[in-house]
Every structure is written in structure tokens, then in C-alpha cells.
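Undergrad: Pasting a structure below so you can have a look.
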Amino acid sequence: MKRYNGVIERYRKYLPVSSKTPVVSLHEGNTPLIFAPKISGALGSNFKVYLKYEGLNPTGSFKDRGMTVAISKAKEQGARAVICASTGNTSASAAAFSAKGNLKCLVVIPEGAIALGKLAQALIHNARVIAIRGNFDQALKIVLEISQNYPVKLVNSINPFRIEGQKTASFEICDYLGRAPDFHCLPVGNAGNITAYWKGYKEYYCHRKIKQLPKMLGFQAKGSAPIVKGYAIKNPKTIATAIKIGNPASWKQAVSARDESKGLIKAVSDAQILSAYKFLSQKEGVFVEPASAASIAGLFMLESEGFFSNLKNKRKEIVIVCTLTGHGLKDPQIAIKSIKHPPVVEASTSTVVKTARI
Ligand code: F0G
């Protein structure tokens, strides 16, 4: 069997790389597409829901797909340093790939708004981390300005190489299923990922690898839903810190993905996100960070609104893929906060047996 060496090697012919590109890879991609029987069952007998578990990438999020291309191209272009703003995952990924590729990595984050695991990652991979008294949108503006005036490459998803790498997730889904899904659900923050998935599906369609395109169903958090509302949000709010973004960089592209695919972008509340977060971990055995659960929260919301009712109990199988963007271990504090704390008892077998109600 051929060894797996990451998304650039696997999908080289679809990516802007040449034999001269120095590939920096951590064997990202090739993540599982897990069938979710309980979520499928909640929708109807002819529904098949799959989870694209991007938390199993090397740094625990989908960002690694784009970062392998962005960092490899930065090296090819002679860069010595990269910079990004981040709600956490981009910085974790940029820091790791920079370490592997011997680049300096500068990270600007909103103070106090980054999940613990992500901050730990950026720090341990030796990025130069600067926290600003401000939000992600302000951080992005600052790094954009710096990258235009100093010799540092921007590796946020405004960098087109990031989108190129991230589109490989669509390829993997189609290669695995032998078709495109009917619907694709995913969380929307800075809107790079919905842009990338749609680009990937369209390219596979043009290459006749798939016969139909999915409808893209994007979900923002209610307190941070600029695309849904149609205007930028000054002070975005949500427990899903990864998507706490008020003015997405790829806003226009996300709207195109929505409209071209005849899909939608809607908002889900923090309560809906937390409920889907628990459903995923307790019923499907898949631990994700809160932002990732927005995919499932959105799917459940659409179901309760009757969105799928004319597709139910038909012969035709309806295939839905939900992207789970980041691993649950990224944000252990939310997990601990949202469940009952374990009891502490004396160190005796009988007490443990009694307390456990075996
Ligand atoms: N889910 C997670 C876990 C994320 O980290 C992000 C974005 C998204 C969803 C939304 O994806 O921005 O492409 O629409 N995180 C970025 C970051 C903003 O800095 O890590 P998007």
C-alpha cells in the first residue's frame, strides 16, 4: 500500500504547486467520514448523515489542510516569516507548520477569547504570540496592514493558498462516497471554509468526478451572524469562540457559495450549539469544540423547521455531510463547565460501588 503523505501529495494535480515547491506537511487530511446513525435516524429512514471529523488533523482542526499549502508556497516564495490573526485554530496550525518549515511565526489574538488548548499550541510551537485588547476583526486588520508593509507573509484565509488546500476536504468526501452529498452543513466564521468547500465541489464537478453539486448550509452563531443579518457586527458574542467574528474576510464568497448552490446561511443560538455539542459527544461518541457543533445545531434546527419534510420517507436516499471543524480537546474548559462535576468519595470499594449505582 502506498503511504499517505498529506493533501499536497494526494491532490497535487488540483493544487497550485510544482516540483519546485518545498512541501511542508504534517500528513494532514485523510480524515474519517463517520456515519452518524442517531442523527440520521432523527431525520428519517432515507437519510444518511456523515460527520467529516476534521478534529483528527495533526493540530486538531481543518486549518492544517490550508496551512500545508500556504506555508509551502511561502517557503517557495522565499519568505522567512509568516503572520496571522486568529480565534485560535489558525494560529495553532500556522505555529506548527512554521516550526516544521523553519519559519518565524507571528500571531495576533484577541485577549481572553482563545480556547486554552489553542493558546497552548501556539505557545509550545514557539510562535511569537501577541494578544490585543480588541476582537478578531481588529486583529485581522492589524496583521493585514503589517503584511503589506513588512516582509512577513499573511497566512489567514485571505491568502488564496489556504483556500486551495482546504478545498481538498470536498475531494475526500466525494472520493469516499463516490458522489457529492445532497447537503453540506458547516459552521461559518471568517467564511474561508465554506468558500473552499464550494470551490472544491465545483472543481470536481468540472472534472466530471461528480454528477451533482451539494446545497451548502452554513451556520453562524446568533451573536456573531453578520452574513445572516446583512451587516457587520461590532461586538460579536458567542461561547463558540472560534466563530466569534463580526466582519468575515470572505463574506462575498460565502454569499456566492450559498446562492450558487441554492443553499442557505442561518444563525444558531449558543443553547442550540451546546445541545448539539452534547448530543455529538454523548450519542455519537464524537468530541468536538463548540463552534464545530454549529453544523449539527443547524441541521437539527432545519429539521425542526420542516426544511427536509418533502424529502422524507421517499425511496431516494438523502446524503448529508456535516463538517466537524475542530477537536473537543481544544476547549476543555467548556466541556468541564457544561457537565456535572464528578463526585469525590472516600477510597473504598463499597462507597464507589454505591455511588456508581452499578
Ligand atoms: N470552526 C472552527 C473550529 C474554527 O476554528 C473556525 C475558524 C471555523 C469553524 C470557521 O471557519 O473562518 O473558515 O468560516 N477559525 C479561524 C481561526 C477564524 O482563526 O482559527 P471559517
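The values are calculated or read from the model by the stated rules, or taken from the named source; none is laboratory data. Since this is a predicted model, take the numbers as computed values, not measurements. A quick note on method: Cβ atoms are made from the backbone with ideal geometry, for glycine too, and the neighbour counts reach across all protein chains shown.
Undergrad: I'd like to know if the range 156-168 contains one or more residues that are surrounded by 23 or more Cβ atoms within 10 Å (Cβ to Cβ), away from the ligand (no atom under 16 Å from the Cβ) and in a helix (DSSP H, G or I).
TA: no
Undergrad: Please go through the range 256-300 and give me each residue that is of a type in the set (Val, Ile, Thr) and either within 13 Å of the ligand (Cβ to nearest atom) or at positive phi (or both), ordered by number. Please lay out each step first, then the result.
TA: Of the range 256-300, the ones of a type in the set (Val, Ile, Thr) are 265, 268, 273, 286, 288, 296.
Of everything in the range 256-300, those that are of a type in the set (Val, Ile, Thr) and either within 13 Å of the ligand (Cβ to nearest atom) or at positive phi (or both) turn out to be Ile265, Val268, Ile273, Val288, Ile296.
Undergrad: Tell me, which residue of the range 121-137 that is touching a strand residue (DSSP E or B) at 6+ places or on another chain (Cβ under 7 Å) and closer than 18 Å to Ser250 by Cβ is surrounded by the fewest Cβ atoms within 10 Å (Cβ to Cβ)? Let's see the steps before the verdict.
TA: Restricting attention to the range 121-137, the residues satisfying the condition of being touching a strand residue (DSSP E or B) at 6+ places or on another chain (Cβ under 7 Å) are 122-123, 127-132, 134-136.
Of the ones still in play, those that are also closer than 18 Å to Ser250 by Cβ are 135-136.
Details: Asn135: 23, Phe136: 30.
Only one residue fits best here, namely Asn135.
Undergrad: How many of the residues making up the range 309-358 are closer than 23 Å to Asp270 by Cα, part of a loop (DSSP other than H, G, I, E, B) and more than 16 Å from the ligand (Cβ to nearest atom)?
TA: Count: 4.
Conditions tested, residue by residue: (1) out of contact with any His (no Cβ under 8 Å at 6 or more places or on another chain); (2) under 12 Å from Cys185 (Cα atoms); (3) of a type in the set (Phe, Trp, Tyr).
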| position | (1), (2), (3) |
| --- | --- |
| Gln282 | yes, no, no |
| Ile296 | yes, yes, no |
| Leu299 | yes, yes, no |
| Glu305 | yes, no, no |
| Thr323 | no, yes, no |
| Leu329 | yes, no, no |
| Lys337 | yes, no, no |
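Undergrad: Out of Gln148, Gln138, I need the residue that is within 14 Å of the ligand (Cβ to nearest atom) and in a helix (DSSP H, G or I). Which one? Spell out the reasoning first.
TA: Details: Gln148 fails: within 14 Å of the ligand (Cβ to nearest atom).
Exactly one residue qualifies, and that residue is Gln138.
Undergrad: Which residue pairs have Cβ atoms closer than 8 Å, lie 6 or more positions apart in sequence or on different chains, and pair a first residue in the range 162-181 that is closer than 14 Å to Arg10 by Cβ and at pLDDT below 95 with a second residue that is within 16 Å of the ligand (Cβ to nearest atom) and of a type outside the set (Asp, Glu)?
TA: Between residues of the range 162-181 that are closer than 14 Å to Arg10 by Cβ and at pLDDT below 95 and residues that are within 16 Å of the ligand (Cβ to nearest atom) and of a type outside the set (Asp, Glu), there is no close pair.
Undergrad: Shifting gears a bit: Kindly indicate the residue of the range 170-186 that is within 16 Å of the ligand (Cβ to nearest atom) and not in a helix (DSSP H, G or I) and also farthest from the chain's Cα centre (by Cα) among those meeting that condition. Don't jump to the end; show me each part of the working.
TA: Here is the first cut: in the range 170-186, the residues within 16 Å of the ligand (Cβ to nearest atom) are 170, 184-186.
From what is left, the residues that are not in a helix (DSSP H, G or I) are 184-186.
On the way: His184: 13, Cys185: 11, Leu186: 8 Å.
Going through the qualifying residues, I end up with His184.
Undergrad: On to the next question. Can you pull out the residues in the range 73-92 that are crowded, with 24+ Cβ neighbours inside 10 Å and out of contact with any Cys (no Cβ under 9 Å at 6 or more places or on another chain)?
TA: Selection gives Lys73, Ala74, Ala85, Ser86, Thr87, Gly88, Asn89, Ala92.
Undergrad: Working carefully through the options Gly60, Gly29, Gly101, find the one that is away from the ligand (no atom under 13 Å from the Cβ), crowded, with 24+ Cβ neighbours inside 10 Å and closer than 20 Å to Val7 by Cα. Give the steps one after another, and end with the answer.
TA: Values: Gly60 fails: away from the ligand (no atom under 13 Å from the Cβ); Gly101 fails: crowded, with 24+ Cβ neighbours inside 10 Å.
Answer to the selection: Gly29.
Undergrad: Moving to a separate point now. Can you tell me which residue is farthest from the chain's Cα centre (by Cα) among those in the range 315-348 that are at pLDDT below 95 and within 24 Å of Ile173 (Cα to Cα)?
TA: It comes out as Arg315.
Undergrad: Tell me, yes or no, whether the range 201-214 has at least one residue that is buried (at least 24 other Cβ atoms within 10 Å of the Cβ) and closer than 28 Å to Lys330 by Cα. Outline the logic, then answer.
TA: Keep residues of the range 201-214 that are buried (at least 24 other Cβ atoms within 10 Å of the Cβ), which gives 201, 214.
Among the residues that remain, those that are also closer than 28 Å to Lys330 by Cα are: none.
Within the range 201-214 (the criterion being buried (at least 24 other Cβ atoms within 10 Å of the Cβ) and closer than 28 Å to Lys330 by Cα), the answer is no, since none of the residues qualifies.
Undergrad: Tell me yes or no: at least one residue of the range 242-255 is at pLDDT 95 or above and away from the ligand (no atom under 14 Å from the Cβ). Outline the logic, then answer.
TA: Step one: of the range 242-255, the residues at pLDDT 95 or above are 242-255.
Next cut, away from the ligand (no atom under 14 Å from the Cβ) only: none.
The answer is no, given that none of the residues of the range 242-255 is at pLDDT 95 or above and away from the ligand (no atom under 14 Å from the Cβ).
Undergrad: Counting residues that are farther than 26 Å from Ile34 by Cα, which helices (runs of 4 or more DSSP H) fully inside the range 187-288 reach at least 1?
TA: On the way: elements: 192-206, 226-229, 251-260, 270-283.
Here the list reads 192-206, 226-229, 251-260.
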